[in-house]
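Below: the structure, in structure tokens.
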């Protein structure tokens with residue numbers, strides 16, 4: 001069972017915390033992480049690419065010339081794909097690229113990334129993440145004491161003071177435990193989470 005040091009917001013060690021092997025001690029599965037990231041990126045695609053078919057382009061529908069006795073290939077319309085200003089054959093049309101990944105796979109991907117972060121020392125646990133007021137400067141000083149330049153800040157509940165204080169820090173993002181996103185977890189690199197957040201995270205990710 002992995003253990004991590006427990007700190008207060010002054011970066012003073014106040015104890016240690018035993019982490020669940022089911023969540024923070026699994027063998028990372030890169031293939032599963034890739035599959036879930038791919039699905040999340042696909043869901044973000046706008047899917048607005050569009051082309052006009054022969055039925056949508058402007059132009060006459062009249063047969064350009066007679067069927068016979070011209071010596072030319074027969075044509076029924078000038079809007080066919082092989083004509084100039086004709087429609088596009090097999091072009092893209094607006095669609096949704098989203099697809100579902102099974103819940104067990106999504107959870108395994110999160111556990112894989114969390115285990116990797118814990119193993120590499122990129123998991124910081126604080127006993128309490130409550131700030132006395134909304135103050136970006138105060139939060140920046142706290143993060144500086146931990147030597148963090150980038151990270152995902154997570155608490156068990158809606159911590160408004162922390163959320164508003166982090167809004168103006170481009171390299172940090174606040175999320176509730178329920179809103180943790182695999183892409184953001186990987187993008188920000190380091191996870192700074194409250195003790196209550198760890199407990200809630202373990203409760204939700206146990207298989």
Note on residue 40: of the conditions (1) surrounded by 11 or more Cβ atoms within 10 Å (Cβ to Cβ); (2) out of contact with any strand residue (DSSP E or B) (no Cβ under 8 Å at 6 or more places or on another chain); (3) assigned to a loop (DSSP other than H, G, I, E, B); (4) in contact (Cβ under 8 Å) with a residue 24 or more places away in the chain, unmet is (3)
Note to self: So, residue 153, is that one under 23 Å from residue 3 (Cβ atoms), touching a strand residue (DSSP E or B) at 6+ places or on another chain (Cβ under 8 Å), free of Cβ contacts under 8 Å to residues at least 60 places away in the same chain and part of a loop (DSSP other than H, G, I, E, B) or not?
What the structure shows: no
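For the range 25-32, check the following and say yes or no: at least one residue is in a helix (DSSP H, G or I), surrounded by fewer than 16 Cβ atoms within 10 Å (Cβ to Cβ) and modelled with pLDDT of 95 or more. Working first, answer last.
Our first condition is that a residue be in a helix (DSSP H, G or I); within the range 25-32, this holds for 30-32.
From what's left, surrounded by fewer than 16 Cβ atoms within 10 Å (Cβ to Cβ): 30-31.
Cutting the leftovers down to modelled with pLDDT of 95 or more gives us 30-31.
Yes, the range 25-32 contains a residue that is in a helix (DSSP H, G or I), surrounded by fewer than 16 Cβ atoms within 10 Å (Cβ to Cβ) and modelled with pLDDT of 95 or more.
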Those residues of the range 86-104 that are in contact with a helix residue (DSSP H, G or I) (Cβ under 6 Å, 6 or more places away or on another chain) and under 23 Å from residue 152 (Cβ atoms) come to a total of 1
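Does residue 93 qualify as being in a loop (DSSP other than H, G, I, E, B) and surrounded by 11 or more Cβ atoms within 10 Å (Cβ to Cβ)?
Numbers: in a loop (DSSP other than H, G, I, E, B): yes; surrounded by 11 or more Cβ atoms within 10 Å (Cβ to Cβ): yes.
Spelling it out, residue 93 is indeed in a loop (DSSP other than H, G, I, E, B) and surrounded by 11 or more Cβ atoms within 10 Å (Cβ to Cβ).
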Only one of 204, 147 is modelled with pLDDT under 95 and either assigned to a loop (DSSP other than H, G, I, E, B) or surrounded by 20 or more Cβ atoms within 10 Å (Cβ to Cβ) (or both), namely 147
When restricted to 76, 121, the only residue part of a loop (DSSP other than H, G, I, E, B), under 23 Å from the mean Cα position of the chain (by Cα) and free of Cβ contacts under 8 Å to residues at least 40 places away in the same chain is 121
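Quick one: would you say residue 126 is surrounded by 15 or more Cβ atoms within 10 Å (Cβ to Cβ), over 23 Å from the mean Cα position of the chain (by Cα) and touching a residue at least 24 places away in the same chain (Cβ under 8 Å)? Walk me through how you get there before you give the answer.
Details: surrounded by 15 or more Cβ atoms within 10 Å (Cβ to Cβ): yes; over 23 Å from the mean Cα position of the chain (by Cα): yes; touching a residue at least 24 places away in the same chain (Cβ under 8 Å): yes.
It is true that residue 126 is surrounded by 15 or more Cβ atoms within 10 Å (Cβ to Cβ), over 23 Å from the mean Cα position of the chain (by Cα) and touching a residue at least 24 places away in the same chain (Cβ under 8 Å).
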Residue count, the range 97-112, condition part of a helix (DSSP H, G or I) and surrounded by 12 or more Cβ atoms within 10 Å (Cβ to Cβ), comes to 8
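The values are calculated or read from the model by the stated rules, or taken from the named source; none is laboratory data. Because the structure is predicted, anything quoted here is derived from the model rather than measured. Here Cβ is always computed from backbone atoms with ideal geometry, including for glycine, and neighbour counts include all displayed protein chains.
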